[in-house]
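Some notes on the structure that comes next.
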Amino acid sequence: MAVFKILEIGDPLLREKARPVEKITPQVHRLLDNMAETMYHARGVGLAAPQIGVSKRAIVVDVGEGLIEFLNPEIVAASGAVSGPEGCLSIPGLEGEVVRAAKVTVKGLNRHGVEVTLDAEGWLARVLQHEIDHLDGILFVDRAATVRKV
Ligand code: ZN
């Protein structure tokens, strides 16, 4: 495993639409491992593959309840709306108020290629929406009502 450099806003790769993971290979497992290590090293709660320079639809999340990995994640249901503060490892020094769905259902594949569904609310729902946005080249500052320096 390895800690990767996290790309910062301004890098065009962060604005690309990431490509689906078509096949589970040792490289996909290595990618997920490296993403988790990079996220923990940076003390983040989530990371998307484009943030380490890989334009693939893969995310890792850990809000303190254990590591969650998703390949090709999709939000298949969303309800409610809640505003809250958000930051991003790719946008150091900024925080914004972002409205997100209060509850989401995310469907995707785990590292074994098995389809999994996760119902999430609160902080976990917010982080999942933030990371899935990264796969479509969307950053929180695009959605934030207000942004401030931290
Ligand atoms: Zn982010």
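Considering only residues in the range 122-150 that are surrounded by 15 or more Cβ atoms within 10 Å (Cβ to Cβ) and more than 14 Å from the ligand (Cβ to nearest atom), the one that is nearest to ASN34 (Cα to Cα) turns out to be LEU124. Among the residues making up the range 71-95, those that are buried (at least 21 other Cβ atoms within 10 Å of the Cβ), within 15 Å of the ligand (Cβ to nearest atom) and either modelled with pLDDT under 95 or farther than 18 Å from LEU13 by Cα (or both) are PRO73, GLU86. Total residues in the range 40-53 satisfying the condition of being under 13 Å from the mean Cα position of the chain (by Cα) and either near the ligand (Cβ under 10 Å from one of its atoms) or farther than 17 Å from GLY108 by Cα (or both): the figure is 8. Among the residues of the range 12-22, those that are assigned to a loop (DSSP other than H, G, I, E, B) and in contact (Cβ under 8 Å) with a residue 60 or more places away in the chain comprise GLU16, LYS17, ALA18, VAL21. Pairing each residue of the range 84-100 that is over 19 Å from ARG43 (Cα atoms) with any residue that is open to solvent by 50 Å² or more (accessible area, probe 1.4 Å) and more than 13 Å from the ligand (Cβ to nearest atom), provided the two are 6+ apart or on different chains, yields C-beta distances under 6 Å for GLU97/SER83; GLU97/ALA145; GLU97/THR146; VAL99/ALA81; VAL99/SER83. For VAL147, the stated conditions hold: it is touching a Phe, Trp or Tyr at 6+ places or on another chain (Cβ under 9 Å) and either under 26 Å from PRO12 (Cβ atoms) or at pLDDT below 95 (or both). On the given criteria, is VAL99 closer than 21 Å to ASP33 by Cα, in contact with a Lys or Arg (Cβ under 9 Å, 6 or more places away or on another chain) and more than 15 Å from the ligand (Cβ to nearest atom)? Here the answer is no, as VAL99 does not meet what is asked.
Quick one: which of GLY46, GLY64, GLY53 is of a type outside the set (Asp, Glu), under 23 Å from LYS103 (Cβ atoms) and either surrounded by 12 or more Cβ atoms within 10 Å (Cβ to Cβ) or touching a residue at least 40 places away in the same chain (Cβ under 8 Å) (or both)?
GLY46
The values are calculated or read from the model by the stated rules, or taken from the named source; none is laboratory data. Since this is a predicted model, take the numbers as computed values, not measurements. Ideal geometry is used to build each Cβ from the backbone, glycine not excepted, and the neighbour counts take in all protein chains shown. Side chains are part of the model used for accessible areas, which takes the heavy atoms of the whole protein and leaves out ligands, DNA and RNA. Shrake-Rupley method; radii C 1.70, N 1.55, O 1.52, S 1.80 Å.
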